[in-house]
1. Please find, within segment 774-804, the residue that is most open to solvent (accessible area, probe 1.4 Å) out of those that are charged (D, E, K, R) and closer than 27 Å to Val353 by Cβ.
2. Suppose we filter Ser104, Ser78 for residues that are modelled with pLDDT of 70 or more, open to solvent by less than 50 Å² (accessible area, probe 1.4 Å) and touching a strand residue (DSSP E or B) at 6+ places or on another chain (Cβ under 7 Å); which single one remains?
3. Within segment 752-794, track down each residue that is touching a residue at least 60 places away in the same chain (Cβ under 8 Å) and closer than 28 Å to Glu638 by Cβ.
4. Please return the ranges of strands (runs of 3 or more DSSP E) entirely within segment 743-805 where 1 or more residues are modelled with pLDDT under 90 and of a type in the set (Val, Ile, Thr).
5. Restrict the check to segment 393-410 and report whether at least one residue is in a strand (DSSP E or B), among the aliphatic types (A, V, I, L, M), open to solvent by 70 Å² or more (accessible area, probe 1.4 Å) and assigned by the TED database to the domain that holds Met365.
6. Going by the structure shown, is Gly286 part of a loop (DSSP other than H, G, I, E, B) and small (Gly, Ala, Ser)?
7. If a residue must be within 30 Å of Thr554 (Cα to Cα), open to solvent by 70 Å² or more (accessible area, probe 1.4 Å) and outside any strand (DSSP E or B), how many such residues does segment 441-500 contain?
8. Which condition number does Trp285 fail, the rest of (1) out of contact with any His (no Cβ under 8 Å at 6 or more places or on another chain); (2) in the same structural domain as Arg310 (by the TED database) being met?
Amino acid sequence: MFTFKLVPIYLLLIFTTSAISQNGDFYGKVNFNTKEPVVGAYISLKGNGLEKETTSNINGAFSFKNLPLGTYNILFHSLDASPKTITVALLSKEQDIKVILQASEFQELDEVFLKSKTVQQKIIEKGFAVNVIEIKEAAIQSIQVNELLDQSAGVRVRQSGGLGSHAHYNLNGMSGNSVKIFIDGVPIRNFGPSFSLNSIPPSLIKRIEVYKGVVPPHLSDDAMGGAINIVLNDITKNELKASVSAGSFGTYRADINGGYRNNKSGFTARGSAFINYADNDYEVWGDQVAVTLAAGEPDVFIHAKRFHDRYRSQGGKAEFGFTRVDWADKLIAGVLLSNMDQQIQTGATMESVYGNRFTEQNTNMYSLDYAKKNIIKNVDANAFASYSRLNRKTIDTIATQYSWLGYPTNYFNTPDVWATGAEAGDPTLQQDIDQTINTRVNLAYHVDDNNTIQLNHLLNTFTRDSDDPMLPAAENALKEDREYLKSIVTLSFENKAFDEKLRTSVFGKFYTMDRTSRLRTRSSNTSTATIFIEENNITSNDFGFGATISYSLTPKITVFGSAEKAIRLPEANEVFGNVSANLNPSINLKPEHSKNYNLGFTYENITFNKHTFGITSNLFIRDTEDLIMQFPTGSNEEFYENSNIGKIYTEGFDFTLDYNYNEKIFFSANTSYFNARDYNVTYDTNGNPITPTYERLANTPYFTMNYNLKYKAKDFIQKGSSLSSYTNLLYVHDFFRHSSVLGGSGKTVIPNQVSLDTGFAYTFPKNKVTFSFDIKNILNNQLFDNYALQKPGRGFYGKLSFTIL
């Protein structure tokens, strides 16, 4: 209630001050010399003891209000233009400004630094714990998006192999589907598995926003553990770019992307395409890589190459419509087509080895995106709708047994075969057709300059039809159905006070879930068992709420905090399973509930001569009920299954230090630690409570450090060229694979991991061609993630990037 009471008092003070002083407003518009509006320009104003900043909107417009009459310096920065400073005298109540920036292909380094800090600072000032990763420079390296995320404070990317392998994201102790992935605010699950983060060409990406804990209401999803939002580049000019790369383990990648806009009509087109290929034939070893040389002999541990892990994916995306016209800021229709085929080397762990099992998938997605500011007075509207169809086939019909030697075993037969008739159980040619409809609507009502009310609605429907011709005809005739509906309505209120130094927001979310499954069920495991269809329907309605607050003590120091009662609904794949991923269904999964708290500060642009520092730190608590985790199951840990594991309490922190010297040497260090413990209370046979074990959460790295050093030089060898080099060191402390009780199988602890990468990029004069070379995992250390699934060793990668237009 304090926030609401504060608003009228604050507005009264403003009006009173305005009445007795001579103040005025600047209204301006900034364009390129091509007459196109500059979108997202960073604009700072200084003068008369004041410092203010803003950004230009989609039409290039900006304003500074309630300024004392006098003279001001206004500085303009854009990623696509040279910086410009103007001096303007404010002599009346309202004054118009028109500014022209010279479009340029190359951006000065200090602009990149300034821009990245400004974006992150603006989000932090709304009270969110966030990392912002700028992509422009990294896009020319042979670096995947997941590798950039792994270098960010509080983020741990859990990947189960090489290129194309499945990835989980851990943000400050929350992981799996508790962390949602978005592309321009649209859930990535709609794009299909072949359009993963690592499949998106970095040249398409403007920045990555990593929200740890509470997420902005406009993302409108059940992102209980945080969110990663990929922000794609806007089309501000006609362009065409391409890149090709090659590297170790048979890795080849190519992409092309371009955009066109007619400044007169506003017609806009954008397209991109990519191809990825990898053999993933890297070496693995350890206590799960063993072979039997002859029947009855003990296992022999060896170094072996992965031999059945090829990955191929292709995709294209085209968008057409209108931007920055009178009747719409954006109206874009899009189509995305992608396909993938992938060999499957192992089960859930490296103990189960396959030599023939593989999967094929293709996705078609169609979308419509609309946005308009001031659609009616003081109301902004944004709407998105998409339909996607995923066709997935899992092929496992050959019963031949393989070992890590890479060829069939011959212990008892030539070759040995599995009694079940296939490598991962019964023979299958299962085909799944997943259809998803997603809609998102956002309405923002600006009560005045300091107060905004937003209403968001996300509606997601999912259906799956399955068919397997390998099943007996009578069994296959019993058709299975899977349906899932998720609806999330968010209402939020944002307030700015004390000259925008204090920002607060409160929000409430209403979650609705309705899921139905009709699945084949056997009455027993005997040969005489009957098979029937069992129907299961689960619905839930939950309410969550939260608040954020930030206060700018100075233009450089901001403290922020947030709290939320969050809910996370199980995803369709978690509930219904996925045969191609060896994931069993978990029909009775319950929603997760968590109380999340964040408190942190940022101190930026600490300057001393040519030295600049920045510090960001965040403390967090996660108090979670019915946490959903994925565990291997079966005697050989061949399959996965999701389960609710009860109450988990987590405390932790992350800390980042940034430094640069004269915009030539850059150093970043971050540390993340969280202590997630099992707080489940069990009962003995007499019903007496047993004290929780307080064991650390299994299979979860809890302490990481990352150090990154970069050097940049202009006019290297040739005038007009540039060189950048980097070295990155990642440390992951050992963690428990299963229970934290030592002993037994000797497979309990995943050891300390150190990964050292280095590389350089050389941009030739005129900035049209860049060559980069990277060495990853220089020390060739064993790197593990999900349940000891080993990642690639030392690898060498080269990349050529071209700016054609």
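The values are calculated or read from the model by the stated rules, or taken from the named source; none is laboratory data. Keep in mind the model is a prediction, meaning the values are calculated, not measured. Note that we place each Cβ from the backbone using ideal geometry, even for glycine, and neighbour counts take in every protein chain shown. Just the protein is used for accessible areas: all its heavy atoms, side chains included, with ligands, DNA and RNA removed. Shrake-Rupley method; radii C 1.70, N 1.55, O 1.52, S 1.80 Å.
1. Step one: list which residues in segment 774-804 are charged (D, E, K, R), which gives 774, 776, 785, 791, 794, 799.
Imposing the further condition that a residue be closer than 27 Å to Val353 by Cβ reduces the set to 776, 785, 791, 794.
Values: Lys776: 26, Asp785: 1, Lys791: 33, Arg794: 98 Å².
The extreme case among them is Arg794.
2. Working: Ser104 fails: modelled with pLDDT of 70 or more.
So the residue among Ser104, Ser78 that is modelled with pLDDT of 70 or more, open to solvent by less than 50 Å² (accessible area, probe 1.4 Å) and touching a strand residue (DSSP E or B) at 6+ places or on another chain (Cβ under 7 Å) is Ser78.
3. Hits for segment 752-794 are Gln782, Asp785, Asn786, Tyr787, Ala788, Leu789, Gln790, Lys791, Pro792, Gly793.
4. On the way: elements: 753-763, 769-776, 795-803.
Hits in segment 743-805: 795-803.
5. Just the residues of segment 393-410 that are in a strand (DSSP E or B), to begin with: 393-396, 400, 402, 408.
Subsequent filtering for residues that are among the aliphatic types (A, V, I, L, M) retains 395.
Subsequent filtering for residues that are open to solvent by 70 Å² or more (accessible area, probe 1.4 Å) retains none.
No, segment 393-410 contains no residue that is in a strand (DSSP E or B), among the aliphatic types (A, V, I, L, M), open to solvent by 70 Å² or more (accessible area, probe 1.4 Å) and assigned by the TED database to the domain that holds Met365.
6. Details: part of a loop (DSSP other than H, G, I, E, B): yes; small (Gly, Ala, Ser): yes.
Yes; evaluated as a whole, the condition is true for this residue.
7. 4
8. Of everything listed in (1) out of contact with any His (no Cβ under 8 Å at 6 or more places or on another chain); (2) in the same structural domain as Arg310 (by the TED database), Trp285 misses just condition (1).
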